[in-house]
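For reference, the structure is listed below as C-alpha cells.
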Amino acid sequence: MTLALYACDPAKSRGRRYPQAPAPTRTDYQRDRDRIVHSTAFRRLVYKTQVFLNHEGDLFRTRLTHSLEVAQLGRSIARSLQLNEDLVEAIALAHDLGHTPFGHAGQDALNACMADFGGFEHNLQSLRVVDHLEERYPEFDGLNLTFETREGILKHCSRHHAEQLERAEPGGVGRRFLARSQPSLEAQLCNLADEIAYNAHDIDDGVRSGLITLAQLQQVPLFDNFRLQTLTAFPQLQDKGQGRRLLYESIRRMLSAQVYDVISATQGALQAAAPGTVDAVRQSPPLIRFSTSMREQSQVLKSFLLEKLYRHPRVLDTTGQAQQVVRDLFARYLAQPQDMPESHSRRLQAALAHEPLPERALPRIVADYIAGMTDRFALREHQRLTGQRLLLEPF
Ligand code: MG
C-alpha cells in the first residue's frame, strides 16, 4: 500500500519519549497498536458504558465495541485516502482509554469533584493512561507510544492543560493547542470516524432499548432517506417482525453514504490545499471533513439523539445515581486513602516527591483510580464502602 505524501510515515516518526530499537517485523505504528491492545486499560473498556450502563443489556455498545467500530470506519476511509491505516487503528483503539465508568455522567461528576485540584478531562486522561498509568514495562511508566499516536489521542485540550503539557514536554503534544495548528490527517480522521460511529450505533442501541422509535426517527432526514430507500428496494421489510432488518439496512446505507461523503469531500480539500508533507497538514485548516450538506444533516441527527436519547428521563435517572457513586467514592478515598489498594499509596509517595502542588497529589491519584474503574467494579466498591446498592443488578 503506497502512502500519500501527506500521510504519516513511520520511518519519519518523531519517535518515542524513551528511545527503543525498532521491532524486526512491525512498523512503529503497528507496534503502538499492539501495545494498546495488550494494555489493561483496553480490556477494561469492555465493561464501561458508552450510553447504556454495561449491565442493562448484552447487545448494547460498550466502550470496547465502540472503539472497534471507530477503528473499522477509520481504516476503511484511511485506505481510500492513502493514509496510514495502522496509525488510524492505534489512535482509534486508544481514543477512549481515559473514559470514566458510566460514560459522560461519570466524567462530569469526576470533573466536578476535581474542580479545586486541576479538573478531570477524558482526552487528557487517555493520554495519561498511555504515558503514565499503564505499568507494564521494566524501564518506564506508560506504553511509550510514538508522538503521532499520542498526538491523535489528545483530541481536545484546554489552554491551561496545554500549558502544563508544554512545560513537561516542550514542543510535544500540547504545543498545537497553543500554536492553534492541526494534528495529522490520521488523527483528524479518527475524530470524524468517532462521530460517524456513535451517531449510527446510538440509533441502533436507542431503538433496541425502546427509548426511541423508528417512527420518531422519521424526523431525521439523514436516517429517513435511507429508510425510504431501503423500503423501495425491499418492500417486504414493511412487514411486522422485519423492523430489525429495516433498521440495520437503513443504518448500513447511512454509514456507507457518510464514509463516501468524507472520502470525496476530503479529496476535494486535499486537492485544494495540496499539502506535500505532514507538517504542511499541521499548518493547514482541518482537511478531513464532511461535505457541507452532510455536516448539516449529521448535526440534525446529533440534536435528535441529544434531545430524545441522551436526555431521555430514563437515561437521566441512571445518570444521577451514577454521579452519586462517583462522588461518594471520591469523598471516601480522599478521606481514607487506605481504602484504595496498596499500589495507590506507593504511587502517592512517589507523586508527593515530584508534585509542585503536593495538595493535589492525593486527589489526582483518587481520580486516576476511579477513572480506571469499570461500571460494575465502581458499583460493587460503592456498595462495599457505603452499604448502599445503587444501580446494581442482582448478581
Ligand atoms: Mg469515542
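Could you work out how far the C-alpha centroid of region 212-240 sits from that of region 339-395, in angstrom? So the separation of the two Cα centres works out to 46 Å.
Per residue, the accessible area of the chain comes to 46 Å², computed with a 1.4 Å probe over protein heavy atoms only.
The calculated FRET efficiency for the pair residue 273 and residue 295, based on their C-beta separation and a Förster distance of 22 Å, comes to about 0.80. Contact order for region 94-236, expressed relative to its length and based on alpha carbon pairs under 8 Å spaced 6+ residues apart, stands at 13 percent.
Suppose R0 equals 25 Å. What FRET efficiency, 1/(1 + (r/R0)^6) with r the Cβ-Cβ distance, do residue 383 and residue 132 give to the nearest 0.05? The formula returns an efficiency of 0.25 here. The trypsin sites (Lys or Arg not before Pro) of region 99-189 meeting both criteria, a DSSP state outside H, G, I, E and B (loop) and at most 14 other C-beta atoms within 10 angstrom of the site's C-beta, are 136, 180.
Which helices, taking whole DSSP H runs in the chain, have alpha carbons extending 30 angstrom or more along the helix axis plus mean Kyte-Doolittle at least -0.5?
Values: long enough: 185-209 (35 Å, -0.30); 243-273 (44 Å, 0.05); 313-335 (33 Å, -0.15).
Passing helices, by number: 185-209, 243-273, 313-335.
Give the range of the longest stretch in the chain that excludes all GluC sites (Glu not before Pro) found in loop regions by DSSP and having at most 15 other beta-carbon atoms within 10 Å. Don't jump to the answer; show the numbers that get you there.
Details: sites that count: 135, 139.
Result, exposed sites excluded: 140-395.
Starting from the Cα gyration tensor of region 285-384, take the square roots of the eigenvalues, sort them a ≥ b ≥ c, and report rounded, prolate or oblate (rounded when a/c is under 1.5, otherwise prolate if a/b is larger than b/c, else oblate). Cα axes put region 285-384 in the oblate bin. Protein-only accessible surface at a 1.4 angstrom probe places the residues 279, 205, 9, 261 in the order 279, 9, 261, 205, largest first. Taking all protein chains as present, what is the carbon and sulfur share of the accessible area of the chain, in % to the nearest whole number, probe 1.4 Å? The computed percentage sits at 52.
Taking every DSSP helix (H) stretch of at least 4 residues in the chain, weighting each as -39,500 (n - 2.57) and dividing the sum by the residue count yields a mean residue ellipticity at 222 nm of -18500 deg cm²/dmol. Here the gap between residue 225 and residue 357, fully extended at 0.36 nm per residue and compared with their Cα-Cα distance, gives a gain of 42.0 nm.
Of all the options 234, 330, 304, the one that moves most in a Gaussian network model of the chain with Cα springs shorter than 10 angstrom is 234. The Cβ shell under 10 Å around residue 197 holds other residues with a net charge of -3, Lys and Arg each +1, Asp and Glu each -1.
Efficiency by 1/(1 + (r/R0)^6): what FRET value for residue 215 and residue 327, r their Cβ-Cβ distance, R0 = 35 Å, to the nearest 0.05?
Values: r = 38 Å, r/R0 = 1.08.
Calculated transfer efficiency: 0.40.
Within the shell of other residues whose beta carbon sits under 12 angstrom from the beta carbon of residue 66, the net charge comes to -4, with Lys and Arg scored +1 and Asp and Glu -1.
A crude spin-label estimate for the pair residue 316 and residue 180, with each label 7 Å from Cα along the Cβ direction, gives 3.7 nm.
The values are calculated or read from the model by the stated rules, or taken from the named source; none is laboratory data. If you're wondering where the values come from, they're calculated on a predicted model, not measured in any experiment. Glycine also receives a Cβ, built like all others from the backbone with ideal geometry; neighbour counts cover every protein chain displayed. The accessibility values were calculated without ligands, DNA or RNA, using every heavy atom of the protein model including side chains. Shrake-Rupley method; radii C 1.70, N 1.55, O 1.52, S 1.80 Å.
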